[in-house]
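Q: For reference, the structure I am asking about is given below.
FYI, it's all coordinate maths here, none of it is from the lab. Predicted model, so just to flag it, every value in this text is computed and none were measured. All Cβ positions, even for glycine, are placed from backbone atoms using ideal geometry, and neighbour counts span all protein chains on display.
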Amino acid sequence: MSGKVIIFPVESNTAHVKVTPALNKIFFSVTVCLRFLSDYNKEQAPGDGRYRLYIGDKGVFFYGLPTGLNQWHSVCVTWDSGTGLAQIWVNGRPSARKALQAGASIAGTPSIMLGQDQDAYAGGFHVYDAFYGHATDVHMCDTVLSPSEIKDYMKCVISRPGNVVDWTNMEYSKHGYVIVEPKLTLTCPDSEVA
Ligand SMILES: [Ca+2]
């Protein structure tokens, strides 16, 4: 998928990309990075500086982060079971680190999907929780990336490709109305990283 972008052109409760992980294990820490562009601006949209991360059935909000419409955002989320600390980075800006599910783990065969929120394992889609827009450079790692590795990612330098999901070598299948195309625009111009 190197140099490619996934486009979800409509709101739906069907369109998604299923990703086959390269590694199956019990996760006690995780980092997920991706870039997205959208003009989603409804009530539940991240148009208000707000992001939410779930581990299992518990979620935490992060506020005051870049969410501008029609511009690319580079996002990394990290979570570590030992400390219970979760954090999100957007365009080079780190959030406060917040408590989320200390001592928990992510076990079982992972069901990894882009474009839909899974309220149930591999299902439970709702149109109002769907993503539409563009997404690229998806990586997932079984450790917490260092701040310098995350800043590299924000600058479009992939210094540590994901060992669970690696965009450059990602096995996936498309479902519903999903287009995969070459990247036509820069995806890192708005990074605040110097
Ligand atoms: Ca949902």
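Q: Just one of Val165, Val138, Val144 is among the β-branched types (Val, Ile, Thr), in contact with a strand residue (DSSP E or B) (Cβ under 9 Å, 6 or more places away or on another chain) and more than 16 Å from Ser29 (Cα to Cα); which is it?
A: One residue alone meets the criteria, Val138.
Q: Of the numbered conditions (1) of a type outside the set (Val, Ile, Thr); (2) touching a residue at least 24 places away in the same chain (Cβ under 8 Å); (3) more than 14 Å from His16 (Cα to Cα); (4) not in a helix (DSSP H, G or I), Lys151 satisfies every one except a single condition; which is it?
A: (4)
Q: Mind checking which residues of the range 75-102 are within 14 Å of Gly49 (Cα to Cα), part of a strand (DSSP E or B) and touching a strand residue (DSSP E or B) at 6+ places or on another chain (Cβ under 9 Å)?
A: Residues satisfying the conditions are Val75, Ile88, Trp89, Val90, Pro94.
Q: Any chance you could count how many residues in the range 56-74 are assigned to a strand (DSSP E or B) and more than 21 Å from Pro147 (Cα to Cα)?
A: 2
Q: Quick one: how many residues across the range 146-177 are in contact with a Lys or Arg (Cβ under 6 Å, 6 or more places away or on another chain) and closer than 11 Å to Cys76 by Cα?
A: Looking only at that region, the number is 1.
Q: Does Met170 count as under 13 Å from Pro21 (Cα atoms), surrounded by 12 or more Cβ atoms within 10 Å (Cβ to Cβ) and within 16 Å of the ligand (Cβ to nearest atom)?
A: So Met170 does not fit the description; no.
Q: Related question: Residue by residue through the range 110-132, note down the ones that are surrounded by fewer than 18 Cβ atoms within 10 Å (Cβ to Cβ), more than 11 Å from the ligand (Cβ to nearest atom) and on the phi > 0 side of the Ramachandran plot.
A: Ala122
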